[in-house]
Amino acid sequence: MGSILCGVFLVRASVRRLGLGGIALLAILLVLARMALFVRHLAGHKATHAKAVSRVEAVGWGDRFGDGTPDFLRLSDPADRGAFRRWFALIAEYQAMRPRGEVPEEITDCASLLRYSYREALKRHDAGWFRDTGMDVMAPPGEIGAWHYPETPLGAGLFRVRPGSFVAGDVGDGAFAQFADAKTLVERNAFLVSRDVREAEPGDLLFYRQFGQSSPWHSMIVVEAGMRARVVYDTGPDHGRLGELRRVLVAELLEHPQAQWRPVAGNPNFLGVYRWNILRATL
């Protein structure tokens, strides 16, 4: 009987040792897998950095228009400009069509709608992007070929926040940031096209300055031009409550009961039609 019990204990000890060895082996395999992922990520990061550097070397560190936006960010290919416009308008309008509870939490006013739509339009629109954004697009626009956010020497700092023309020293010294309010977006990151709203194209912006308001700067995104021209915008918070995302025909704006919201040249509150600096071709 004693010998049997001894054998049982030996078997149990062997199983226990095998179990511990298996756990140790699994831990080693996990470490190796993480190392492989890290190496792959590092290789991808190096490739992305190399691509960004290559684009800068090809285009240069200049600022042809003196608007503070480096030429290496500008979409010189008409196909890229078209793709950006379509994505930017589509993303903005999609937010205005989905239930408020599904709208990204960062969108709380007109400027945040611009920032979100701009950034997301410049990303790679792969399966991961659709999963993360929760968007469902029947016919996705073509992809931008020049670069994708944040694959530039500026990294995540996408918006110009300091006055002046771009110089190489602006990289990494606070001239660009992930956040910019409506005033900064219009003054540092876009340029005036016209005060005639009929010249607006999809992806352009309508800016207003409503004097006497606590938040005087307001923006709208043109998502369609022509006979059925329309805009989308966020009304912004109202007495502690979230604002509304709205889709409005330009024809309705032209007849707005409050004259300060009509996009006409005779309205001093209407600043005009603006276009993103990256849509200024370098050639």
- line: Subset of the stretch 168-198, residues modelled with pLDDT of 95 or more and among the β-branched types (Val, Ile, Thr), comes to Thr184, Val186, Val193, Val197
- prompt: Just one of the numbered conditions (1) over 19 Å from Val231 (Cβ atoms); (2) of a type outside the set (Gly, Ala, Ser); (3) assigned to a helix (DSSP H, G or I) is not true of Pro163; which one?
  reply: (3)
- line: Exactly one of Ala225, Ala229 is crowded, with 19+ Cβ neighbours inside 10 Å and modelled with pLDDT of 95 or more, and that one is Ala229
query: Checking Asp63 against (1) at pLDDT 95 or above; (2) touching an Asp or Glu at 6+ places or on another chain (Cβ under 8 Å); (3) in a helix (DSSP H, G or I), which single condition isn't satisfied?
result: (3)
field: Within the stretch 240-283, considering residues that are under 22 Å from Ala190 (Cβ atoms) and basic (Lys, Arg), the one farthest from the chain's Cα centre (by Cα)
entry: Arg262
query: (1) at pLDDT 95 or above; (2) closer than 26 Å to Ala175 by Cα; (3) among the polar types (S, T, N, Q): which one isn't true of Gln260, the others all being true?
result: (2)
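The values are calculated or read from the model by the stated rules, or taken from the named source; none is laboratory data. All values reported here derive from a predicted model rather than from experimental measurement. All Cβ positions, even for glycine, are placed from backbone atoms using ideal geometry, and neighbour counts span all protein chains on display.
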